[in-house]
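Novice: Take a look at this one; I'll ask things after.
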Amino acid sequence: MKLIDTKDAVGYILCHDITQIVKDKVKDARFRKGHIITDEDIPVLLSLGKEHIYVWEKDDDNMMHENDAAQFMIDLTRTKDMSFTPVKEGKMELVADIDGYFTVDVNLLKEINMQKDIMMASIKGDTPIKKGTKLSGMRIIPLVIEKQKMEDLKKIINGKKVFDIKPFVRKKAGIVTTGSEVYHRRIKDEFTPVVKEKLADFGVEVIAHETVSDDTQMITEAIKKLKSAGCDIILCTGGMSVDPDDLTPKAISLTADKFVTYGTPVLPGAMFALSYFEDKVPIMGLPGSVMYCAKTVFDIILPRALADIEIDKEFIASLGHGGLL
């Protein structure tokens with residue numbers, strides 16, 4: 001930094017806060033460290049008794065100001081469904097423009113944060129988010145940074161998506177309610193309203209509903225009927241345990257083209273089943289815990305499926321970490 005006459009300071013960057021004191025009214029920083037001095041600032045600085053000030057020496061060819069660096073980082077990480085906040089004290093944030101499923105390239109983010117003088121923080125990935133959610137904040141640590149460091153960052157990211165939002169695209173659901181007790185109206189169906197409420201949170205409409213007994217053929221036919229009705233996600237409730245009459249997992253496996261899992265390392269929700277038709281329409285078997293627990297495996301899987309992200313056995317296995325809900 002260097003000391004210069006205030007009248008010559010236009011375009012320079014302040015090295016420290018400059019405080020304004022007005023008796024009984026204010027005592028606060030009138031100009032913050034990192035502020036780029038303008039023509040309009042000169043009279044104010046002089047009125048504060050600052051005939052001389054410390055500024056960073058200009059080196060526009062090799063150095064970048066923190067505000068410009070923040071914008072540079074935003075431009076490298078922003079995708080089409082994100083906007084950003086105005087720069088404030090060298091920091092900027094990414095904000096969701098849509099509802100969707102937020103993903104993070106965790107390894108790439110870690111590599112970015114291994115770089116000297118650069119930081120980038122985000123909310124957890126694999127998370128459903130609403131429009132307006134703040135997703136990430138980023139800045140450099142010093143007031144100025146070598147432009148080469150920013151170019152190195154650009155090479156590290158290399159067009160890859162550090163952050164992304166997958167919109168919810170599966171909007172038409174069908175429900176198959178299984179169980180002789182419900183089919184014969186011995187008890188009221190308490191499960192379907194819970195599932196409908198969870199779907200409604202994502203703007204999903206239930207366009208078809210079938211109630212069947214504990215019969216493999218009835219269940220498979222009901223699933224096929226919902227598929228023909230145009231449902232792009234099919235949910236089966238009831239009959240998911242290991243009792244002799246619980247036939248839903250078998251029926252799902254017989255109906256689907258690709259069977260992914262019966263069982264997950266998540267509690268509540270271990271007895272969850274997932275399969276796909278050839279055209280990627282998912283069929284899920286929901287364990288009874290979905291009906292009475294606030295959060296189960298269904299709450300983890302559902303938003304990912306609605307964003308049309310295919311779920312494989314490896315992803316299911318990864319849910320064990322954090323799976324004790």
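Novice: Does I223 satisfy the criteria of being within 18 Å of A200 (Cα to Cα), buried (at least 21 other Cβ atoms within 10 Å of the Cβ) and at pLDDT 95 or above?
Specialist: No, not satisfied.
Novice: In addition: So, in segment 296-311, exactly how many residues are acidic (D, E) and part of a helix (DSSP H, G or I)?
Specialist: Summing the residues that are acidic (D, E) and part of a helix (DSSP H, G or I) in segment 296-311 gives 1.
Novice: Related question: Output yes when any residue across segment 271-279 is free of Cβ contacts under 8 Å to residues at least 12 places away in the same chain and out of contact with any helix residue (DSSP H, G or I) (no Cβ under 8 Å at 6 or more places or on another chain), and no when none is.
Specialist: Looking for residues that are free of Cβ contacts under 8 Å to residues at least 12 places away in the same chain and out of contact with any helix residue (DSSP H, G or I) (no Cβ under 8 Å at 6 or more places or on another chain), one finds at least one in segment 271-279, hence yes.
Novice: Are any residues in segment 211-242 among the charged types (D, E, K, R) and out of contact with any strand residue (DSSP E or B) (no Cβ under 7 Å at 6 or more places or on another chain), and if so, which ones?
Specialist: D215, E221, K224
Novice: Test A208 against the stated conditions and say whether it is closer than 23 Å to A294 by Cα, at pLDDT 95 or above and of a type in the set (G, A, S).
Specialist: no
Novice: Continuing with this model, one more query. So which residues in segment 168-197 are touching an Asp or Glu at 6+ places or on another chain (Cβ under 7 Å) and open to solvent by 10 Å² or more (accessible area, probe 1.4 Å), if there are any at all?
Specialist: If the condition is that a residue be touching an Asp or Glu at 6+ places or on another chain (Cβ under 7 Å) and open to solvent by 10 Å² or more (accessible area, probe 1.4 Å), then F168, V169, R170, K171, K172, S180, V182, I187 are the ones that fit.
Novice: For segment 283-298, give me each residue that is touching a Cys at 6+ places or on another chain (Cβ under 9 Å) and either of a type in the set (G, A, S) or more than 18 Å from A256 (Cα to Cα) (or both).
Specialist: G285
Novice: Can you give me the number of residues within segment 69-118 that are assigned to a loop (DSSP other than H, G, I, E, B) and open to solvent by less than 10 Å² (accessible area, probe 1.4 Å)?
Specialist: Here the count works out to 1.
Novice: Still on this structure: Search segment 128-146 for residues that are closer than 30 Å to F202 by Cα and pair each with any residue that is acidic (D, E) and open to solvent by 10 Å² or more (accessible area, probe 1.4 Å) when their beta-carbon atoms are under 6 Å apart and the residues are at least 6 apart or on different chains.
Specialist: Hits for this filter: K130/D99; K131/D99; K134/E93; G137/E93.
Novice: Would you check which residues across segment 1-31 are exposed (fewer than 14 other Cβ atoms within 10 Å of the Cβ), free of Cβ contacts under 8 Å to residues at least 24 places away in the same chain, among the charged types (D, E, K, R) and part of a strand (DSSP E or B) and list them?
Specialist: K27, D28
Novice: Considering segment 214-251 alone, what residues qualify as being farther than 13 Å from G174 by Cβ and hydrophobic (A, V, I, L, M, F, W, C)?
Specialist: The answer is M218, M240, V242, L247, A251.
Novice: If I go through segment 238-270 residue by residue, how many of them are open to solvent by 80 Å² or more (accessible area, probe 1.4 Å) and without any contact (Cβ under 8 Å) to a residue 40 or more places away in the chain?
Specialist: Adding up the residues that qualify gives 9.
Novice: In segment 140-157, how many are open to solvent by less than 60 Å² (accessible area, probe 1.4 Å) and of a type in the set (K, R)?
Specialist: Qualifying residue count for the region: 1.
Novice: Moving on to the next point. Quick one: G285 ticks every box in (1) without any contact (Cβ under 8 Å) to a residue 60 or more places away in the chain; (2) open to solvent by 60 Å² or more (accessible area, probe 1.4 Å); (3) in contact with a Phe, Trp or Tyr (Cβ under 7 Å, 6 or more places away or on another chain) bar one, so which box is it?
Specialist: Condition not satisfied by G285: (2).
Novice: Continuing with the same structure: Restricting attention to segment 281-295, report how many residues are over 18 Å from P249 (Cα atoms) and either modelled with pLDDT of 95 or more or assigned to a loop (DSSP other than H, G, I, E, B) (or both).
Specialist: Within segment 281-295, residues that are over 18 Å from P249 (Cα atoms) and either modelled with pLDDT of 95 or more or assigned to a loop (DSSP other than H, G, I, E, B) (or both) number 3.
The values are calculated or read from the model by the stated rules, or taken from the named source; none is laboratory data. Worth saying up front: this structure is predicted, and the values here are computed from it rather than measured. Cβ: placed from backbone, ideal geometry, glycine included. Neighbour counts: every protein chain shown. With ligands, DNA and RNA removed, areas are computed over all heavy atoms of the protein, side chains included. Shrake-Rupley method; radii C 1.70, N 1.55, O 1.52, S 1.80 Å.
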